[in-house]
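Working notes, beginning with the structure itself.
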Amino acid sequence: MDPQLIAQAVALLRAGQLVAFPTETVYGLGANALDPAAVERIFTAKGRPPTSPLIVHVADVAMARSLALVWPPSAEKLAGRFWPGPLTLVVPKRPVICDRITAGLPTVGLRMPRHPVALALLREAGFPIAAPSANPFTRLSPTTAAHVCESLGSSVSLVLDGGPCEVGIESTVVSLSGPQPLLLRPGMVSREQIEDVIGPVLLAAEAPPGAPQESPGQHPRHYSPRTPLTLSNHDALPAQGRGVFLYWSNPAPACPSLPLPKNPSECAARLYGLLHELDQQGWDWIAVEPPPTTPEWHAIRDRLHRAAAPAPLP
Ligand code: AMP
Ligand code: MG
């Protein structure tokens with residue numbers, strides 16, 4: 001990427017503006033994390049409720065330590081193994097991170113992304129960048145610059161185009177702020193890979209009720225295309241309307257059917273782009289075969305179940 005564009009992006013961030021940028025997971029809507037007014041603009045642009053905390057992106061582990069009140073040995077180990085990469089670590093925050101970013105929580109989610117454009121931006125900026133996915137709240141995350149322009153164009157000062165995202169779904173989020181590590185959001189860094197480094201990690205559902213590390217912002221409906229999406233097998237598709245079926249095992253005889261990649265990484269990289277395309281085509285419904293139940297499909301199962309959750313009543 002042209003260094004002048006990076007310099008322009010940093011100047012805009014310094015001036016309190018929003019800049020969308022590519023990461024290896026999805027495109028982010030970035031603001032200077034040390035500027036509360038700029039952070040506020042993220043919530044307004046996305047229509048994001050104040051109860052949903054933002055992930056803060058850092059240039060390196062030293063920057064992460066400077067924002068964490070406690071940087072436990074487990075964080076050092078996981079950052080050493082998976083950073084830069086698609087893993088967010090939730091640790092106690094220092095006061096320099098405002099309460100708005102963390103939805104009032106005493107903890108902050110930190111991540112060092114590995115996309116070269118994101119890294120160049122963070123290094124040139126020298127300050128941390130708060131960035132949720134660059135899409136309206138509850139909608140599909142963007143995996144190309146065009147997706148960002150379609151949904152948020154007018155509220156963003158600049159969109160850096162770094163091509164399609166390599167991972168394609170949001171980062172794994174693990175909390176290290178309580179008595180036991182807790183997986184708050186599955187992603188392509190798997191629970192098993194994390195456990196190889198730091199030992200047992202609980203799933204959010206396995207945590208004792210009222211655990212201090214509960215995860216706000218994990219709304220049941222999330223990551224949804226505009227077209228209603230259901231999980232169903234080829235022999236139980238919706239009877240009404242014109243729909244399309246996405247499958248791993250068998251196409252549906254009576255309806256347009258598209259195969260999904262059988263490799264979970266390839267499927268993650270393709271999934272949102274495909275749903276964005278289908279959303280443009282005016283189907284009445286999208287049906288997806290229930291994903292495999294093995295661990296390497298955990299993150300894709302999570303996203304598809306949320307995408308299929310019913311919209312809240314108005
Ligand atoms: P997004 O930036 O849209 O990918 O969403 C970030 C998600 O990370 C939030 O919705 C939370 O589920 C999680 N998260 C971020 N910061 C924290 C935190 N301090 N504590 C718990 N979960 C967090
Ligand atoms: Mg998001």
Express in Å², to the nearest 10, the accessible area of K262 obtained by rolling a 1.4 Å probe over the protein heavy atoms while all chains stay in place. 150
Stretchable slack from A254 to E192, in nm (0.36 nm times residue separation minus alpha-carbon distance): 18.4 nm
Which percent of the accessible heavy-atom area of the chain goes to carbon and sulfur, probe 1.4 angstrom? 56
Between M1 and A15, what is 0.36 nm times their sequence separation minus the Cα-Cα distance? Round to one decimal in nm. 2.9 nm
Computed over region 145-296, Cα set: Rg, Dmax in Å: 18.3, 52
Might you work out the accessible area of E40 for me, using a 1.4 Å probe with all protein chains in place, and round it to the nearest 10 Å²? 70
Shape metrics for region 11-59, restricted to C-alpha atoms - Rg then Dmax, Å: 10.5, 29
Relative pair counts by distance (%), Cα atoms of the chain, 20 Å bins: 34, 58, 9
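Report the antiparallel proportion of the DSSP beta bridges in the chain as a percent, rounded to a multiple of 5. Numbers along the way, then the final one.
Working: 16 of 38 bridges.
Given both bridge residues lie in the chain, the antiparallel proportion sits at roughly 40 percent.
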More than 18 Å apart - percent of Cα-Cα pairs taken over region 53-171: 53
Under a 1.4 Å probe, what is the accessible area of the chain per residue, stated in Å²? 42
In a GNM of the chain with a 10 Å cut-off on Cα contacts, which of P22, P225, P95 has the highest mean-square fluctuation? P95
How far, in degrees from 0 to 90, does helix 116-125 lean away from the longest principal axis of the Cα atoms of the chain, to the nearest 10? 30
In vacuo Debye scattering of region 117-189, one point per C-alpha: log10 I(q)/I(0) at q = 0.15 Å⁻¹? -0.67
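The values are calculated or read from the model by the stated rules, or taken from the named source; none is laboratory data. The structure presented is a predicted model; accordingly, all values stated were derived computationally and were not measured. What goes into the accessible areas is simple: the full protein's heavy atoms, side chains included, and nothing from ligands, DNA or RNA. Shrake-Rupley method; radii C 1.70, N 1.55, O 1.52, S 1.80 Å.
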